[in-house]
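In what follows, a single structure is set out as structure tokens and then discussed.
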Amino acid sequence: MTDLELEFEHIYLEVRAERWQQIDRFLFSYFCFREGYVTKNGKPDWELARENAPRSYKVDSLKNAELEPIVPLEVVIGEIKRYFRDGELTPSVLRRILDSLLTYTVITRQEKALLRNAALQNAMPISWYKNGDKNPYLRFNHVDIKINQC
């Protein structure tokens, strides 16, 4: 079993046990293993993630930048809860949710303040919840943060 599969199993077990408050501790590790952001000892590496993740066009130095989930972790967990509540959460659905919503980017501290001031630090814009097309970049678009996705 790979580290990615192990992190996925941790998340799935926490969901099945409805220990929602524990899930977020596994999400960053899952992301790092999925993207290959690991130390030479095979541990998740936030510095490597910060250096290589997509970033805002305004980031000119990592010194004043932060690693930020594109979709807030609370929203990712909320989506998982919704599928679980509706009896539709299978391992493949969980993997699809994680792979489509769980991504990190690097933004400036000023951009993070924009999100906070727009009440989007831990939420998506209301239209995101009502729309079937869940654009993960919608909260960044809402406050005019442009991400270089290359």
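A compact table of results
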quantity	calculated
The range 7-17, residues that are in a helix (DSSP H, G or I) and either of a type in the set (D, E, K, R) or more than 14 Å from Leu94 (Cα to Cα) (or both)	Glu7, Glu9, Glu14, Arg16
The range 127-150 - residue that is closer than 22 Å to Asp24 by Cβ and basic (Lys, Arg) and, of those, surrounded by the fewest Cβ atoms within 10 Å (Cβ to Cβ)	Lys134
Filtered residues of the range 1-38 (kept if surrounded by 19 or more Cβ atoms within 10 Å (Cβ to Cβ), within 15 Å of Asp99 (Cβ to Cβ) and of a type in the set (D, E, K, R))	Glu7
Search result, residues across the range 18-41 that are assigned to a loop (DSSP other than H, G, I, E, B) and either among the aliphatic types (A, V, I, L, M) or out of contact with any helix residue (DSSP H, G or I) (no Cβ under 7 Å at 6 or more places or on another chain) (or both)	Glu18, Arg19, Gly36, Thr39, Lys40, Asn41
Residues of the range 102-126 satisfying the condition of being among the β-branched types (Val, Ile, Thr), within 17 Å of Phe28 (Cβ to Cβ) and assigned to a strand (DSSP E or B)	Thr105, Val106, Ile107
Pairs with Cβ under 6 Å, 6+ apart, first in the range 138-150 and closer than 13 Å to Lys58 by Cα, second among the small types (Gly, Ala, Ser) and crowded, with 17+ Cβ neighbours inside 10 Å	Ile145/Ser56; Ile147/Ser56
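Residue-by-condition table, conditions (1) touching a residue at least 12 places away in the same chain (Cβ under 8 Å); (2) crowded, with 19+ Cβ neighbours inside 10 Å:
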{"site": "Asn52", "(1), (2)": "yes, no"}
{"site": "Pro69", "(1), (2)": "yes, yes"}
{"site": "Glu74", "(1), (2)": "yes, no"}
{"site": "Thr90", "(1), (2)": "no, no"}
{"site": "Leu98", "(1), (2)": "yes, yes"}
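Bear in mind that the values in this text are calculations on the coordinates, not laboratory data. Predicted model only: the values in this text are computed from it and were never measured. When we count neighbours, we look across all protein chains shown, and the Cβ atoms used for this are built from the backbone with ideal geometry, even at glycine.
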